[in-house]
Structure formats: structure tokens, C-alpha cells
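Asks: One structure follows; several queries about it will come next.
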Amino acid sequence: MASHPHSSSTSSAPSTQISSQLPALKEAVAVALDYAKQLGTCAAEVAISKQQGLSVSTREKEVETVEFTKDGALGITVFRNGCKGNSSTSDLSPQAIKQAVKAADDIAKFTSSDPFNGLADAELMAKDIQDLELYHPHDIDAQGLAQMAINSEIAALDSSDRIKASDGASANAHTAAKVYGNSHGFLSGYCSSRYSLSCVVIGEEADGNMQRDYDYTVSRQFDQLLSSEAVGLKAAQKTIDRLDARKIATCNLPVLFAPEIATGLVGHLVGAISGSSLYRKSSFLMDSLGKQIFPDWFNIEEQPHLRAGLASANYDSEGVATQLRNIVDDGHLASYLLTSYSARKLAMKNTGHAGGIYNWTLAHTGQTFAQLIKAMDKGLIVTEVMGQGVNPVTGDYSRGAAGFYVENGQIQFPVEEITIAGNLKDMFMGIQAVASDRDLRSSIRTGGILLSEMKIAGN
């Protein structure tokens, strides 16, 4: 999370705002679509994105890397009678764009026909484009970002003599402009910004063993980030809490997923109800639409139009309007996640999910995370999971974990080198509560999630 590729540039963030490039990007998309039409293609779609940003990583209060990025490309897809061709160019001169369109069209003439290919249906295109307040430019240079990262390290290192070293901090500022158009006459673009800061520190136990942990903050608005000090102190506290961890004996216990781990648990639902998994028959939730897969109080609402949301959008990457929708309604699966292609393959309706999900918000059961620890009485808090032990076809789940052992509603000691196992179907149905203090740092907005029981393999 905290390291970046090495780069030698020490340039400061560009003061020219990326928003000034939107008209030219829209013009480039229009040129491509117009030329595709001249070539006699059945349909075409064009997407273009320009990013610029600055990332600074530090270690032990010294600048380690400064990376300045400025890139972008135009990608075009053309369709001819079910055949599809793709091409891209980073040169946005009219001549280069036409060459890219011609290349895509030539490729389409040689690919095999697929009846499910094509643009999303014209009537699904977004018409009401709102300002979702995704773009908040903030002028900060490499020095300013370096100072943020170093300040977080200083706060962590000064907080306790048990914190022995920094494993790096990283501060990032990025802006982007994106434009999408297709031969339905849809053409739209927007700008976005994203800022983040993370800090990783190492603590030492009395016997010389080390533990590490991190914290981070992310926002579309620079002034909404947590302070460097707050990030450093939280990283230090999380690391100290992990010191002197032990194993526990193999057993079955209730498990409370910390919020940042709970998002991963819900993330397995995203994969399982995505169209590509369903038409390939590689999902443990095949034929589950309308069926109960969670307790009857459990709800997930998708909120694509949250102002300044990290995963907000007016339309997906095919121009399809996003909409407020229930993903899980009183425990029942209310929607799959379908693109135009997967919807046609499954003979279902496109849900506007080309390119991902939009601010999933889990309904909570009213208790804070601290109250859930008390309510659990005896069990395991999981704060880290490791390994890839999740089978998307069967739902079998087995992952290395670390966290805290709880008894009498109180944290007793940190735990490491254990494995937690179950099946995602049982885990979903076994959810007892969702905490009210949500982590809003990802596209899945949830508090901690308490499960009735999992197998824990320890000593």
C-alpha cells in the first residue's frame, strides 16, 4: 500500500487544471466516432482518459521516491455484424485518431462474429447528468506531499518507544479527465480528483519479534483527509496492539470482521453476482436472484450519486445510466451486476455495471464496533487476512488471519498464525450484526460484521 515504483522526476504537481482539457478530449472522441461512421461500421464506442498526478514515498523520514505521472490514451471499439475490433492511441492528432479507427475496423473484419457483441441499448444511455462533485483540484507540490508523509512517520515514531522503525509512508495527489461516447449519439465527460496518505510502521516485542501495521486516509477532497499526525498515530497504535501475539487452540468461535476486512467479505459477493462469473457458471451463487442468501434484516443499497463519493458515477463505462438500487433486499438477492454483453448472454436486462460497483452501503444493526465486541462475549476479532484461499465456484473460504481473542466481552490478547475457514454461503447466512461506525474508504461502505461461527485452526 505504501510503496511506489521508482522514478527520478522531482517535478511538482502541474498547476494547469486537467478540466481545461475536457473540450479537446470530447472533440477527439467526436472525430473518432465520425470517422467510424464514414467507414461504414455498424456501431462504435470511444473512451478516453487523461491522468496526471504526483506520488511521494518516504522511509525513515527521508524521501525515497517521487513519481510524476501524466498519461492518457484513446481506445476505440468498432462493431461489424457481430464482429468486434479494438485499437488505441495516445496521439490525439486527427490523423492518428483516424489511423486507430481504421486499425480497429480492420481487426473487426477478421474476428469471428458473436451475436452478444454490441453497444448497450440506446434507451439505457444516461440523460440526466448531474454534477457529483468528484473534482476538487488542490495545488500541492512534491515537497508538500513529502512533508505530509514524513509528518505521519514522525507522529508514529514519537508516539511510543515500542515503535522501532517506519516501513514507509506515501502521499498521493491525482486528477483525471474521462470522456466516453458512442454511435447512439451519447457523448459525455467529467473530471475527478483523489488524494491519499498512508503510513506503515514496525513495532518490536520484548523477545525481538516484529509486528507491522498501517493506516491510511483517502478522499476526493484534499481538505477532507485525516491529518498526517492522525494517520501516523493510528498506524502506531494498531502496530502496538499487535505486539506479543499468540496462537490459540483449534476451535469454533464467533468471528467479528473489522470494517476494512468486512469490505473484503462483501467483495466476494461482487464477484459471485457479476455477469461474467454467472454466464461462465463459475459462481457459488448461480440461480440465486430473488433467493434469500443473507439474514432477513440484511440490506445493501447501491448509491451511485453520492456527492464526492469515491465510487460515484452518472453512467458506467458503456454510457448506461447508473441508478439507486437494492442489491440485497431483506436478505434476498435483488440484482445481478450485468454489462450489455453479460445481460445478452443471460437473456436478462443490463444493470449498468460495466466498470464496477457504485458506493454499496450496508444497513447496520445499531451497535458500534465496541458494542459488538461486548455482545460477542467470546470470540475472535479479525483485523487481517492473508492468502487467496477462496473458491469462487464452491464458496469455500480458508484464509490465514490475525486479530484479537475476546472473552467476557473484552479483548484479551492479540492472535496470529491462525486460519479461519467456512463456506461463503454459510458465512453470509450466519451474519449476526453490522456495526454502525462505517469505514467509508472504499466502494463498499460498511462497519464491522459479526458472524455466528467459523472454524479456527490454531495450535
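The values are calculated or read from the model by the stated rules, or taken from the named source; none is laboratory data. This structure is a prediction, so every number in the text was calculated from the model and none was measured. For neighbour counting, all protein chains shown are included, and Cβ atoms are generated from backbone atoms with ideal geometry for every residue, glycine included.
Asks: Quick one: ASN252 ticks every box in (1) within 22 Å of ILE411 (Cβ to Cβ); (2) not assigned by TED's automatic domain parsing to the domain that holds ASP377 except a single one, so which number is it?
Replies: Answer for ASN252: the failing condition is (2).
Asks: Within segment 397-406, which residues are surrounded by 20 or more Cβ atoms within 10 Å (Cβ to Cβ) and hydroxyl-bearing (Ser, Thr, Tyr)?
Replies: Hits for segment 397-406 are TYR397, TYR405.
Asks: More than 12 Å from LEU253 (Cα to Cα), at pLDDT 95 or above and crowded, with 21+ Cβ neighbours inside 10 Å: does that describe ILE373?
Replies: In short, yes.
Asks: Could we say that ILE154 is of a type in the set (A, V, I, L, M, F, W, C), closer than 12 Å to GLU62 by Cα and crowded, with 21+ Cβ neighbours inside 10 Å here?
Replies: Judged against the criteria, ILE154 is not a match.
Asks: Tell me yes or no: at least one residue of segment 92-111 is among the aromatic types (Phe, Trp, Tyr), under 30 Å from GLN17 (Cβ atoms) and assigned by TED's automatic domain parsing to the domain that holds ARG194. Please lay out each step first, then the result.
Replies: Our first condition is that a residue be among the aromatic types (Phe, Trp, Tyr); within segment 92-111, this holds for 110.
Checking which are under 30 Å from GLN17 (Cβ atoms) leaves us with none.
No: zero hits.
Asks: From the residues in segment 100-113 that are in contact with a strand residue (DSSP E or B) (Cβ under 7 Å, 6 or more places away or on another chain) and within 27 Å of LYS70 (Cα to Cα), which one is surrounded by the most Cβ atoms within 10 Å (Cβ to Cβ)?
Replies: This residue is VAL101.
Asks: In addition: Would you confirm, using the coordinates I've provided, whether VAL201 is in contact with a helix residue (DSSP H, G or I) (Cβ under 6 Å, 6 or more places away or on another chain), within 30 Å of GLU123 (Cβ to Cβ) and either among the aliphatic types (A, V, I, L, M) or assigned to a loop (DSSP other than H, G, I, E, B) (or both)?
Replies: So VAL201 does not fit the description; no.
Asks: Based on what the data block shows, is VAL56 surrounded by fewer than 21 Cβ atoms within 10 Å (Cβ to Cβ) and modelled with pLDDT of 95 or more?
Replies: no
Asks: Evaluate segment 279-298: report whether one residue or more is within 30 Å of GLY189 (Cβ to Cβ) and touching a residue at least 60 places away in the same chain (Cβ under 8 Å).
Replies: no
Asks: Here is a further query. At pLDDT 95 or above, hydroxyl-bearing (Ser, Thr, Tyr) and farther than 21 Å from PRO295 by Cα: does that describe TYR405?
Replies: yes
Asks: Please name all residue pairs, on different chains or six or more residues apart, with Cβ atoms under 8 Å, provided the first residue is in segment 385-396 and is surrounded by 15 or more Cβ atoms within 10 Å (Cβ to Cβ) and the second residue is aromatic (Phe, Trp, Tyr).
Replies: VAL390/TYR397; PRO392/PHE284; GLY395/PHE284
Asks: Evaluate segment 406-428: report whether one residue or more is of a type in the set (Phe, Trp, Tyr), touching a Phe, Trp or Tyr at 6+ places or on another chain (Cβ under 7 Å) and more than 19 Å from HIS364 (Cβ to Cβ).
Replies: yes
Yes/no matrix, rows are residues, columns are (1) within 30 Å of TYR214 (Cβ to Cβ); (2) modelled with pLDDT of 95 or more; (3) surrounded by fewer than 17 Cβ atoms within 10 Å (Cβ to Cβ):
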residue: SER87; (1), (2), (3): no, yes, no
residue: SER90; (1), (2), (3): no, yes, yes
residue: PRO115; (1), (2), (3): no, yes, yes
residue: ASP121; (1), (2), (3): no, yes, yes
residue: LEU134; (1), (2), (3): yes, yes, no
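Asks: Could I ask something else about it? What is the residue count in segment 407-420 for residues that are crowded, with 17+ Cβ neighbours inside 10 Å and not β-branched (Val, Ile, Thr)?
Replies: Qualifying residue count for the region: 2.
Asks: Within segment 254-300, restricting attention to residues that are in contact with a Pro (Cβ under 7 Å, 6 or more places away or on another chain) and more than 15 Å from LEU338 (Cβ to Cβ), which residue is surrounded by the most Cβ atoms within 10 Å (Cβ to Cβ)?
Replies: PHE284
Asks: Taking the conditions exactly as written (under 30 Å from VAL179 (Cβ atoms), of a type outside the set (S, T, N, Q) and not assigned by TED's automatic domain parsing to the domain that holds GLY189), does LEU324 satisfy them or not?
Replies: Numbers: under 30 Å from VAL179 (Cβ atoms): yes; of a type outside the set (S, T, N, Q): yes; not assigned by TED's automatic domain parsing to the domain that holds GLY189: yes.
Taking the combined requirement at face value, the residue satisfies it.
Asks: How many residues, within segment 433-459, are among the polar types (S, T, N, Q) and within 25 Å of the chain's Cα centre (by Cα)?
Replies: Here the count works out to 4.
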